[in-house]
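In what follows, a structure is listed as structure tokens, so that the remarks can point back to it.
The values are calculated or read from the model by the stated rules, or taken from the named source; none is laboratory data. Values in this document were obtained by computation on a predicted structure and should not be read as measured data. Because the Cβ atoms are built from the backbone with ideal geometry, glycine has one as well, and the counts that use them run over all protein chains shown. Only protein heavy atoms, including side chains, enter the accessible area calculation; ligands, DNA and RNA are left aside. Shrake-Rupley method; radii C 1.70, N 1.55, O 1.52, S 1.80 Å.
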Amino acid sequence: MVRLATLATVVVLAAVAAASAWWLSTALRAPATPSGDRGPAWYFQGAHVAVTGRGGDTIYRIDATRVVHSPDDDSALLDAPRLQWLQGGGPPLLVEAATGRIHADRSRVSLTDGVSIIDESTGARFEFRSPDLEIDTVHRVAHTDSDIVILSAFGEMTGRGLVADMNAGTIRIESAVRGRYVP
């Protein structure tokens, strides 16, 4: 009888040891992180971003109230961006919007929600308004296919589509241009 009791005790102790080992291995394992629930790797409040070309010259600067990393496509999301696009020795082209995105490869900046482009390079102030603007920083060209409103001291014009070529220093309205001169 003593043998049977000892054998039963050994079996119970072995079962308890096995269950304890299983529980410890489960409890100490790192929790799995769901891949779709990954948050931003970084964010900045009151950010200043300067992007330079291959020679080290500044292509554009962006001030934004907040810049947040988007893990979905590795881009940077911008709140209230204010972009200064440098044009050689002349005054910078100032571009503002409610939101924007610097794409992961830094070759494109997409601006949306109330885009405003201010050009004072000719000595007169011209403001171009559009719902969106796509900037190709490699080719130094900005464009939109949306409706445009141009405001100046000389009057108001409307049109559809805009191409700003920083290489040539020109801004062109593509079609449906109408204007009103205000003396």
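Here are the numbers for this structure:
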| read-out | value |
| --- | --- |
| Residue match in segment 114-121 (condition: open to solvent by 30 Å² or more (accessible area, probe 1.4 Å) and in a loop (DSSP other than H, G, I, E, B)) | yes |
| So Leu77, is it in contact with a strand residue (DSSP E or B) (Cβ under 7 Å, 6 or more places away or on another chain) and open to solvent by less than 50 Å² (accessible area, probe 1.4 Å) | no |
| All strands (runs of 3 or more DSSP E) inside segment 135-183 with 2 or more residues being out of contact with any Cys (no Cβ under 8 Å at 6 or more places or on another chain), over 18 Å from Val115 (Cβ atoms) and of a type outside the set (A, V, I, L, M) | 170-181 |
| Selected residue (criterion: farthest from Arg101 (Cα to Cα)) from residues of segment 54-74 that are of a type in the set (Val, Ile, Thr) and in contact (Cβ under 8 Å) with a residue 40 or more places away in the chain | Ile59 |
| Of residues in segment 86-140 being under 18 Å from the mean Cα position of the chain (by Cα) and of a type in the set (Asp, Glu), the one farthest from Tyr60 (Cα to Cα) | Asp113 |
| Residues located in segment 136-168, provided they are closer than 15 Å to Val95 by Cβ, in contact with a Ser or Thr (Cβ under 9 Å, 6 or more places away or on another chain) and not β-branched (Val, Ile, Thr) | Asp136, Ser146, Leu162, Ala164 |
| Only one of Ser146, Ser152 that is touching a strand residue (DSSP E or B) at 6+ places or on another chain (Cβ under 9 Å), at pLDDT 95 or above and polar (S, T, N, Q) | Ser146 |
| Residues of segment 80-113 classified as surrounded by fewer than 16 Cβ atoms within 10 Å (Cβ to Cβ) and in a strand (DSSP E or B), total | 5 |
